[in-house]
Amino acid sequence: MATVRKSKSDYGGLYKGHPGQYSWILHRITGVAIILFLFMHVVDTALIGWGPEAYDRVLRAYQNPIVHLLELGLVIAVLYHSLNGFKITLIDFFPKLVTHIKGISLATAVVFALTAIPTIVIMLKQTWDLWKA
């Protein structure tokens, strides 16, 4: 039996990146970040069982500019993840929209930017006020 040797093109070349790939990667990263925050939130909320002093100590630790920057990252992650998830849901429910994926992705990116920029400005101002205090 003769074996057929596959050429490099049969396996595909090195993937150099595509907006869809970056969207997929960012969706996974933001999903993991949100889950990690959720775990932390459950743990810090559970501290109320140890008494108000323990819970208040944790809340005071959150009034730190560095933690506030992490909160900004969380808000941006939730914003991106939700908008990208909405895009994925649209395509899942209406498969014919795949032919318009570039336009839908661009619209999603524009909506993300239009909502993220004012959010970043507002939250950075609050972080700056915390830093000065």
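The values are calculated or read from the model by the stated rules, or taken from the named source; none is laboratory data. Computed from a prediction, not measured in an experiment: that's the story for all the values here. Cβ: placed from backbone, ideal geometry, glycine included. Neighbour counts: every protein chain shown. Calculation scope for accessible area: heavy atoms of the full protein, side chains included, ligands and nucleic acids excluded. Shrake-Rupley method; radii C 1.70, N 1.55, O 1.52, S 1.80 Å.
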Got a number for the accessible area of H18? Probe 1.4 Å, square angstrom, nearest 10.
-> 90
For region 16-128, accessible area per residue (1.4 Å probe, heavy atoms of protein chains only), Å² | 71
Carbon-plus-sulfur fraction of the accessible area of the chain, 1.4 Å probe, in percent?
-> 73
Under a 1.4 angstrom probe, counting protein chains only, how are H41, H68 ranked by accessible area, largest first?
-> H41, H68
Among the chymotrypsin sites (Phe, Trp or Tyr not before Pro) in region 10-89, which ones are in a DSSP loop with at most 13 other Cβ atoms within 10 Å of the Cβ? Mind listing them?
-> Y15, Y62
What number, rounded to the nearest 500 deg cm²/dmol, is the helix-based mean residue ellipticity at 222 nm of the chain, given -39500 (n - 2.57) per DSSP H run of at least four residues and division by all its residues?
-> -27000 deg cm²/dmol
How would D44, D129 line up by accessible area, probe 1.4 Å, largest first?
-> D129, D44
Step through the residues of region 41-55 one at a time and calculate ³J(HN,Hα) from phi using the Karplus curve (6.51 cos²θ - 1.76 cosθ + 1.60, θ = phi - 60°), rounding each to whole Hz and writing x for Gly and Pro.
-> 5, 5, 5, 5, 6, 5, 5, 4, x, 8, x, x, 5, 5, 5
Point-to-point label distance, S82-D44, nm (Cα→Cβ direction, 7 Å offset) = 1.9
Order by accessible surface, 1.4 Å probe, largest leading, for residues M40, M123 comes to M40, M123
Estimated inter-spin distance, V98 and D56, nm [label 7 Å along Cα→Cβ] = 5.9
